[in-house]
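Worksheet: one structure, shown below.
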Amino acid sequence: MTDRQVALVTGASGTIGRAIAAELGARGAALMITGRRRDVLDGVAAELRDQGVRVMTTVGDVTDINHVSEAVAHAQAAFGTVTTLVNNAGGAGAMGMSVADSDPSRWRETLLANVYGPYLFARAVLPGMLAARTGRIITVASRAGTAAIPGAADYVVAKTAVVRLSENIAAETRGTGVVAFSLHPGGVVSGPVQAAIEQGKASRDRFPDPPEAAARMVADLADGKHDVLSGAYLDIHDDLAALTEARAGERRRVLRVLDLPDDRNARPFTE
């Protein structure tokens with residue numbers, strides 16, 4: 001990554017977003033970081049500046065189109081066209097609730113944060129990326145989007161949808177120099193996960209991965225060496241170099257639905 005790279009990271013006040021911002025900054029990118037908690041976001045920015053990273057902040061909600069427009073405009077004015085978007089902000093609002101017992105307002109919040117927010121940010125950066133004929137949109141998804149999880153239907157539905165969003169962006173931008181990926185960041189003990197563990201709703205054993213692992217993979221994807229994987233849903237335990245070598249000219253990984261025959265599962269568009 002060069003100092004000409006401009007990365008916009010949403011949800012940078014959280015555990016994974018903070019690690020992603022630090023890794024991208026360490027590799028030379030100028031950063032626009034966003035989040036809802038001004039005090040935490042300012043602290044993250046101060047730490048990054050102490051390390052010599054060029055960074056700006058915009059506080060707001062990813063589901064607010066005015067906040068999205070402001071963040072992208074400020075990044076472009078300060079650093080130039082955004083070359084990497086990391087859609088990291090998300091979360092679950094109805095964990096531990098069945099569909100029958102769920103709160104519709106919390107379902108709506110989960111879908112807005114995990115799907116509508118990434119859509120808004122992708123929509124905002126795509127014109128600049130397409131004009132520059134380069135750009136990478138990396139969306140933090142989850143393994144939860146690949147199978148049913150009782151008591152977490154809102155999160156499952158949202159993460160399934162955002163993987164499909166990433167696939168569609170990749171299909172729509174093929175041949176333009178713009179690529180898109182979705183990524184399972186592993187089992188990370190974030191703030192909400194820690195709260196769930198303390199409430200007895202989750203087991204710490206299911207969250208063994210450090211946030212830095214996801215950060216390294218995001219930065220590797222942002223470097224541009226793995227663009228052939230555009231449209232893929234990736235896992236932090238994947239070997240990107242091996243996948244890139246194997247996938248050159250071959251079928252990309254796409255979201256699959258369990259128990260469907262091969263001819264009914266999604267296929268990426270071909271050249």
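Only the coordinates and a few stated rules stand behind these numbers; no lab work does. Since we're looking at a predicted model, the values are computed, not measured. Glycine also receives a Cβ, built like all others from the backbone with ideal geometry; neighbour counts cover every protein chain displayed.
Do any trypsin sites (Lys or Arg not before Pro) in the stretch 58-146 lie in a loop, going by DSSP, with at most 16 other beta-carbon atoms within 10 Å of their beta carbon, and if so which?
ARG133
Compute the Cα gyration tensor for the stretch 9-86, then decide on rounded, prolate or oblate, letting a ≥ b ≥ c be the square roots of its eigenvalues: rounded whenever a/c is under 1.5, prolate when a/b is larger than b/c in the other cases, and oblate in all that remain. Could you put the intermediate results ahead of the total?
On the way: a/c = 1.67, a/b = 1.17, b/c = 1.43.
Here the stretch 9-86 falls in the oblate category.
Where the centroid of each part is defined by its Cα atoms, how far is the stretch 14-77 from the stretch 165-189 in Å? So the two Cα centres are separated by 20 Å. Using a simple spin-label model with pseudo-atoms 7 Å out from Cα toward Cβ, ALA131 and ASP205 lie 5.4 nm apart.
Model label points for ALA100 and ARG143, set 7 angstrom from Cα along the Cα-to-Cβ axis, are 2.9 nm apart.
Distance between the 7 Å Cα→Cβ label points at ALA77 and ASP61: 2.4 nm. The charge dipole of the stretch 4-84, taken about its Cα centre with unit charges on the Cβ atoms of Lys, Arg (+1), Asp and Glu (-1) only, comes to about 200 debye. Placing unit charges on each Cβ (+1 for Lys and Arg, -1 for Asp and Glu) gives the stretch 9-108 a dipole about its Cα centre, and among SER98, ALA22, GLY35 the Cα reaching farthest toward its positive end belongs to ALA22.
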